[in-house]
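Below: one structure in structure tokens.
Taken together, the values in this text are just the output of simple stated rules run on the coordinates, not laboratory data. Note that the coordinates shown come from a computational prediction; the quantities given were computed from them, not determined experimentally. Cβ atoms come from the backbone with ideal geometry, glycine included; neighbour counts cover every protein chain shown.
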Amino acid sequence: MTSKNSSVNTKDVQGIFKGFGLKWPYGRFFYCNYSTADAGRELLNRLAPLTSFHDVSEAKSKICINAAFTFHGLKALDVDTEILSSLPPEFVAGMQSRADINGDAGESAPSCWEDIWKKHRVHIWVGVYAETEGLLQEWQRQFEGWVSSQEEGVTIIGSQDVSRLVSRKDQPVYIEDPASQPQTPVLLEHFGFRDGMGNPAIKGLVDKHVAGSGSLGVDGKWSALPTGEFLLGYVDSNGEIPIAPKPQSFSQNGTFMVLRKLAQDVDLFRDYLSELAGRLDGNADDIASRMVGRRRDGTPLIKDAKSDFDFTFQSDSEGRQCPMGSHMRRANPRDSFGEGFGSLLVDRHRILRRAITYGKLVEHGQRQAEVNGDDGQGLMFIVLNASISRQFEFVQQQWINYGNEFNQGNDRDPIVGLQEGGGQMVIPGDKQRKSVICDNLRQFVTCRGGDYFFLPGIDAFCGLAKG
Amino acid sequence: MTMTPKHLIGKSNPMTVITPVARWKRLGTWLVLFIFRHLPLGIVKQLAFIHFARWITIKREDLPRLTEDQPKENWPYDLYLFTTNFNGSWDQYIDAFGRIESVSKGLNMLWYTSSGFPGPWPMRLFKRYIHYFEYPQYLYYNAYPGAAVRDIDMALQLERKLDDFVARTEKPVDDREFEVLFNAFFDDVAPNLGQTGREDVPTNLEHRAQPLELSQ
């Protein structure tokens, strides 16, 4: 069945495209390796059938399984040369080789990543999302049993627990100002801000919040972004079917997935803001929200916003409401690049984010070590896009780790940008609020590993399993 | 492989595109350029990543020769030279050309007489055309490698505001008054205070200069 007014067969698209949300809040990622193509196909057959977009929409199953391959994973399956030679170069190279482009240096340099990402051993990512912790344990027990019963070839080389965080009134996440605590339950990330608000509206697939999340025309009207920006085999915003691996049966309804484990240094973030606010006689939580670009509960900083989603930056060309250098504005600049262009210069660089947090929430007054020990907390950052270089890497290089287009010179994103000492973010004031310079920014978020994956359609996955 | 000396590379990228124009279209090309020289082009000013963009024609009989005894070329086309400097990435620059309707209309006119020009839409053909006729820069001199156009814009605004502030505080003012003036000045210039200078990672620039959306 296809969804209304859609040419997309949602039974052939993996469920993560829809997002697992709060219905399946317990997740575990398995990173596996197979030593032979036969062993790999055994594993694929074990995992099939994958959970589809349609299944997720209908909320039928209690547990959802999705999977994606690295280049080395496809190669180890002995797939046709036609497929291998038509894969985009950044995907073939893998995320480590693109460290310069992505700004993975310093503590985020690939040499500091977790061991499993070294030597291209991860062949397949298996994402399991369950309704309850018990179901997840049971699935893992059976899966591990199956793996050990295989005579040769399949290894689980690493796993990662993930879960959803939801704000609660009795679980404070503010730094100093209790009034900044979200009053209604919202999905949170570890710095205590509402997560998952910036996702695009996509024609035929995601029709929520078209006003604000879609593409803004020069006439000021919003429309959903073309399917082909995010899913292979469909028309994109240039009116063309974008470049995709061949043959079509391999790439149809598939997409590229970027997976990054982003560790969040909650202690450092709070300490930095307390110190800065103390020194400048400011409000630590207000400064934090200007760095992020939204309030903790997701409210936009733009005064004439029609809703949490529906707003433009037209009235704020200098960033006196929502700073030009804030994380939200950098990641999705909307109409920041000039009056009358709408989002024309942004649409080619939108990403679909399907991140999920890991680790327990560090409440106000707690330290990270007492909550999760060495495991820490952070975000499993997942991006789906038709072209990793045009979408994810572009955003990372041009907008996150460079400030030129926002009139911010070389200044980088204050939350996720690379900080090498001496970095700053300027928060221009308005009549009620003094201007602030966040100087000597620290590395609040560190990349601990990850790779580029190909997330095939359901049929293509079955095709790969058959060989 | 570029021969551009690395130490000259700054935050801007050069682009040189030379397209052939059939000789019977010479008058048309001249007319287009004449019209463009006399048009108010406000839109280009909004596209702050363009330093400048220039189109000139080189007549086939005026092709340069190194010495007098070098035989004259009998080349069937005039050459149409487009040269520009821009900040940001190659694709983004060309995207702006194709996606912004008023710009793309202008470009359609400017390259209208060039042989084989597919028009600015569909984008992939347009990009392929530009890339095909793009020539590598063997030498590129950049007097201010640490500044992009936007950096200079911001610095000029800052300079004007600073001069104004200095003039206001020239006469003796008391501490309280100075504080008020200074805070007002700081709020005023806050949007202009991004850090500039050359970037640490040279591969960033090389990557930006590469077209990403050509294949297939």
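Using the alpha-carbon centroid of each, what span in Å lies between segment A:263-340 and segment A:58-87?
Here the two parts' Cα centres lie 38 Å apart.
Any idea what the relative contact order of segment B:6-143 is, in percent, if you count C-alpha pairs under 8 Å spaced at least 6 apart?
39
Starting with the fewest neighbours, write out A:Lys18, A:Lys75 ranked by other beta-carbon atoms found within 10 Å of each beta-carbon.
In increasing order of surrounding Cβ atoms, one gets A:Lys75, A:Lys18.
What dipole magnitude, in Debye to the nearest 20, does the protein assembly as shown give about its Cα centre under +1 on Lys/Arg Cβ and -1 on Asp/Glu Cβ?
For the protein assembly as shown, the charge dipole is close to 1800 debye.
Under the rule of -39500 (n - 2.57) per DSSP H run of 4 or more residues, summed and divided by the residues of the protein assembly as shown, what mean residue ellipticity at 222 nm is obtained, to the nearest 500 deg cm²/dmol?
-8000 deg cm²/dmol
So how do A:Thr227, B:Thr169, A:Thr184 line up by other beta-carbon neighbours within 10 Å, fewest first?
Ordered by Cβ neighbours within 10 Å, fewest first: A:Thr184, B:Thr169, A:Thr227.
Between B:Ala184, B:Ala53, B:Ala96, find the one with the highest GNM mean-square fluctuation for chain B; connect C-alpha pairs within less than 10 Å.
Largest GNM mean-square fluctuation: B:Ala184.
My understanding is that a pair violates if its Cα-Cα distance is over 25 Å; which of A:Lys169/A:Lys360; A:Lys23/A:Lys303; A:Lys62/A:Lys360; A:Lys306/B:Lys105 do that in this structure?
Pairs exceeding the cut-off: A:Lys23/A:Lys303; A:Lys306/B:Lys105.
Of B:Val173, B:Val103, B:Val21, which has the largest mean-square fluctuation in a 10 Å C-alpha GNM of chain B?
In this elastic network of chain B, the residue with the biggest mean-square fluctuation among B:Val173, B:Val103, B:Val21 is B:Val173.
Test of understanding: ordering B:Ile56, A:Ile302, A:Ile156, A:Ile16 by Cβ neighbours within 10 Å, fewest first, what list do you get?
B:Ile56, A:Ile156, A:Ile302, A:Ile16
Turning to a different aspect of this structure: Compute a Gaussian network model of chain B, connecting alpha carbons closer than 10 Å, and tell me which residue from B:Phe97, B:Phe178, B:Phe82 fluctuates the most.
Ranking B:Phe97, B:Phe178, B:Phe82 by mean-square fluctuation puts B:Phe178 first.
So for segment B:149-195, considering every pair of alpha-carbon atoms, how many percent are separated by more than 18 Å?
Percent of Cα pairs beyond 18 Å in segment B:149-195: 33.
State the dimensionless ratio Rg/Rh of chain A (Rg: radius of gyration of Cα atoms; Rh: Kirkwood radius).
0.95
Determine which lysines satisfy two conditions relative to A:Lys466: a Cα distance under 23 Å, and not lying fewer than 8 residues away in the same chain.
The reachable lysines, counting only those whose Cα sits under 23 Å from A:Lys466, are A:Lys11, A:Lys75, A:Lys246.
In percent, how large is the relative contact order of chain A, given Cα pairs closer than 8 Å and 6 or more residues apart?
So the answer I get is 22 percent.
Go through B:Pro64, B:Tyr138, B:Asn85 and say which Cα lies farthest out towards the positive end of the charge dipole of segment B:6-143; charges sit on Cβ, +1 for Lys and Arg, -1 for Asp and Glu.
B:Asn85
Using +1 at the C-beta of Lys and Arg and -1 at the C-beta of Asp and Glu, which of A:His190, A:Thr155, A:Gly217 has the Cα lying farthest in the positive direction of the dipole of segment A:141-225?
The Cα lying farthest towards the positive end belongs to A:Gly217.
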